[in-house]
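Student: Here's a structure for you.
Please treat every number below as a calculation from the coordinates, not as lab data. Keep in mind it's a predicted model, so treat the numbers as computed, not measured. Quick reminder, even Gly has a Cβ in these numbers, built from the backbone with ideal geometry, and neighbours come from all protein chains shown.
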Amino acid sequence: MVYTEPAFAKLNLTLDILGRRPDGYHDMRMVMQSIDLQDTVTVTPHPGPEIQVSSDLPYLPRGDGNIAAKAAARFFEQTNLPPSGLSIDIRKRIPVCAGMAGGSSDGAAVLRVLRRTLRPDMSSKELEEIGSLVGSDVPYCLRGGSVLAEGRGERMTDLPPLPPCWFVVCKPPCAVSTPELFSLVRMKRLRFHPRTAELISALEQGDLEGIAVRLYNVFEDVLPRRYAQVFEIKGRFLELGAMAASMTGSGPAVFGLFRDKPLAVQALEILRPQFPSTFLCELVGRAVYN
Ligand code: ATP
């Protein structure tokens with residue numbers, strides 16, 4: 001049998017860092033949203049013990065280094081099921097190292113396939129616990145929709161869906177180092193924090209304007225000067241009629257939030273010649289994940 005599963009990207013409507021924990025991780029508070037920019041993950045069992053990964057990006061790890069392979073290995077280890085050989089193929093559309101959890105989403109897609117085929121009785125909570133051993137964003141990528149994620153990202157609260165809207169996501173060609181950003185957070189006091197509770201109230205009221213004015217990512221406050229394109233793109237989105245714009249995760253991808261599709265399409269067409277990794281995206285609700 002061959003199992004094909006979508007792996008959706010995420011955006012951070014908010015990203016807040018509350019402090020550093022004794023275990024070295026940071027305490028986070030984030031409102032996450034899944035969007036329809038997706039990788040396609042195909043899992044084919046085969047005889048023999050190996051887990052191999054192929055993809056259309058030659059530089060992605062093919063073996064244990066790939067998050068999709070790590071997820072499969074953790075699944076067998078945690079369930080005590082005899083490890084089965086797997087060929088995992090990933091058609092990559094989510095930009096890599098962009099702050100959109102592409103690798104985590106591929107890992108989550110593999111976990112969903114393995115649960116469905118080998119342990120259909122396993123609860124979502126149990127699967128999310130296995131996910132948290134693979135990576136901080138994997139539990140969210142298993143669940144999808146609009147979610148408040150806290151702690152390392154494993155403490156999740158489902159939120160009401162956003163009102164209908166459009167995102168244009170634009171990834172500039174610079175690469176941001178996540179560990180570097182976290183180290184800068186330690187050195188520099190954060191000047192602002194997102195008003196997460198107010199954003200959640202706006203979500204509960206279906207108030208898109210109220211959501212838009214509360215998008216905020218604390219990493220923007222510590223971005224070194226060489227990532228100036230992030231702010232350039234944010235400015236362009238606002239000029240092009242976005243209700244708001246923000247960086248997602250540890251960047252450098254930036255998104256603009258639009259109420260109307262024509263303005264979003266126009267922003268896509270204007271930005272894409274300069275930034276080829278620009279995408280028009282819609283919301284993906286939790287139901288798609290089941
Ligand atoms: P996050 O938003 O969770 O911080 P990201 O978007 O910044 O994630 P990814 O694209 O998920 O980053 O992964 C970045 C790193 O993980 C790269 O160094 C890449 O080589 C490695 N990696 C391993 N497996 C994958 C995969 N399946 N897809 C993408 N990257 C992968």
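Student: Highest mean first, what order results for 228-239, 118-129 on Cβ atoms within 10 Å? Don't jump to the answer; show the numbers that get you there.
Tutor: Numbers: 228-239: 17.2, 118-129: 13.2.
Averaged packing, sorted descending, gives the order 228-239, 118-129.
Student: If a/c stays under 1.5 just call it rounded; otherwise compare a/b with b/c (prolate if a/b is bigger, oblate if not). Do that for the chain, with a ≥ b ≥ c from the square roots of the Cα gyration tensor eigenvalues. Don't skip to the answer; put the middle values down first.
Tutor: Values: a/c = 1.63, a/b = 1.51, b/c = 1.08.
The shape class here is prolate.
Student: With a cut-off of 8 Å between alpha carbons and a minimum separation of six or more residues, what is the relative contact order of region 53-104 in percent? Spell out each step's value before the answer.
Tutor: Values: 43 pairs, mean separation 22.1, N = 52.
After rounding, I find 42 percent.
Student: Note down the relative contact order for the chain as a percent, whole number, built from C-alpha pairs under 8 angstrom at least six residues apart.
Tutor: Values: 633 pairs, mean separation 64.5, N = 290.
Value for the chain: 22 percent.
Student: Within 10 Å of each residue's Cβ, count the other Cβ atoms and sort 132, 105 from fewest upward. Spell out each step's value before the answer.
Tutor: Working: 132 19, 105 29.
Sorted ascending by nearby Cβ count, the order is 132, 105.
Student: Helix 261-271 against the longest principal axis of the chain: what's the angle in degrees, Cα atoms only, rounded to the nearest 10?
Tutor: 90
Student: For region 166-287, just say rounded, prolate or oblate: build the C-alpha gyration tensor, square-root its eigenvalues into a ≥ b ≥ c, call rounded for a/c under 1.5, and beyond that prolate if a/b exceeds b/c, oblate if not. Let's see the in-between values first.
Tutor: On the way: a/c = 1.96, a/b = 1.14, b/c = 1.72.
It comes out oblate by the Cα gyration axes.
Student: Select from region 16-101 those trypsin sites (Lys or Arg not before Pro) which occupy a DSSP coil region and have at most 16 other Cβ atoms within 10 Å, ordered by residue number. Intermediate values should be presented prior to the final figure.
Tutor: On the way: sites: 20, 29, 62, 70, 74, 91, 92, 93; in loops: 62, 92, 93.
Answer by residue number: 62, 93.
Student: When the helix-only estimate is applied to the chain (DSSP H runs of n ≥ 4, each -39,500 (n - 2.57), divided by the residue count), what is the mean residue ellipticity at 222 nm, nearest 500 deg cm²/dmol?
Tutor: Numbers: 9 runs with 94 residues, N = 290.
Mean residue ellipticity, 222 nm, calculated: -9500 deg cm²/dmol.
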